[in-house]
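This report refers to the structure that appears directly beneath it.
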Amino acid sequence: MRRLDRDGDRSGTVGAGDMAELLDRVHSFGTVLLELVVRSLRSLMGHGERPVGLLPSAAVATNPSVDLVLHPLDGEARPLGQWLTTFHMASVVLDPYTNESSWILPTAARILEGFREADTRANFVVTADATSARRFIGPLAKRFLVFADPARELVKAVGLTELPAFVFLRVDGTVPALAQGWNANEWRTVAEEIARTTSWRQPDIPAPGDPGPFHGTPALA
């Protein structure tokens, strides 16, 4: 084997010492490169947490059928298409039998309150019968539209895998944004889409008193 000197001329033969030095340099470079990659991944992942501002990989929304019937706690059940005739829908979906949904309830109410005057129906969807849903929501039932979804029909139709969830449904029946579990950046992304679509000011997310990030519970368990 020949090697080039600085001027590009071949000058002598590469010996065992030269080869060892060359391999050592390659090894050192590879180690440094690997360390840089690991540091970058750790920074992106928040030292083991999900990347903020991104939907979990399982959160692939599907557009529900406009014939899906929604049952409000007060009023007549109607197909989704009728609920979307005039306004979009900003829905927080909760499982009343889990701690995770109870932890996010005050924050969810604050966020929906910020959209109550916008061109969207700010609402809760509770995966329980009307009696249990009303017990879980409590006084919020007087401030917001609340749907009971004991069979989790909307949950299945949208393709949710975790609860709580924040779902934006446009008047055309599409789901342009959703977030599952609780991650402030992900919920803020949904709020930004709602605000942009309705020309409204989005609420602050996060805000003092909001919980730290956590994963949701299985939506269809």
- Task: Would you mind finding the one in ASP74, ASP129, ASP95 that is touching a Pro at 6+ places or on another chain (Cβ under 6 Å), of a type in the set (D, E, K, R) and modelled with pLDDT of 60 or more?
- Result: ASP129
- Message: Restricting to the stretch 59-110, give me the number of residues that are closer than 22 Å to GLU192 by Cβ, loosely packed, with under 15 Cβ neighbours inside 10 Å and not polar (S, T, N, Q).
- Response: 2
- Task: For ARG121, state whether it is under 23 Å from ALA191 (Cβ atoms), in the same structural domain as PRO164 (by TED's automatic domain parsing), in a strand (DSSP E or B) and free of Cβ contacts under 8 Å to residues at least 60 places away in the same chain.
- Result: yes
- Qualifying positions in the stretch 88-112 - assigned to a helix (DSSP H, G or I) and either outside the structural domain of LEU178 (by TED's automatic domain parsing) or among the charged types (D, E, K, R) (or both): GLU100, ARG110
- Query: Here are THR98, THR131, THR120, THR107: which of them is polar (S, T, N, Q) and closer than 19 Å to VAL175 by Cβ?
  - Reply: THR120
- Message: Considering only residues that are surrounded by fewer than 20 Cβ atoms within 10 Å (Cβ to Cβ), part of a helix (DSSP H, G or I) and either touching a Lys or Arg at 6+ places or on another chain (Cβ under 6 Å) or among the polar types (S, T, N, Q) (or both), which ones fall in the stretch 159-206?
- Response: ASN185, THR197, THR198
- Message: Looking at VAL167, VAL126, VAL175, can you tell me which residue is of a type in the set (Val, Ile, Thr), closer than 20 Å to GLY75 by Cβ and either in contact (Cβ under 8 Å) with a residue 12 or more places away in the chain or assigned by TED's automatic domain parsing to the domain that holds LEU80 (or both)?
- Response: VAL126
- Quick one: GLY181 ticks every box in (1) over 9 Å from the mean Cα position of the chain (by Cα); (2) on the phi > 0 side of the Ramachandran plot bar one, so which box is it? (1)
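The values are calculated or read from the model by the stated rules, or taken from the named source; none is laboratory data. Everything numeric in this text was worked out from a predicted model, so none of it was measured. Don't worry about glycine lacking a Cβ; one is built from the backbone with ideal geometry, like all the others, and counts go over all protein chains shown.
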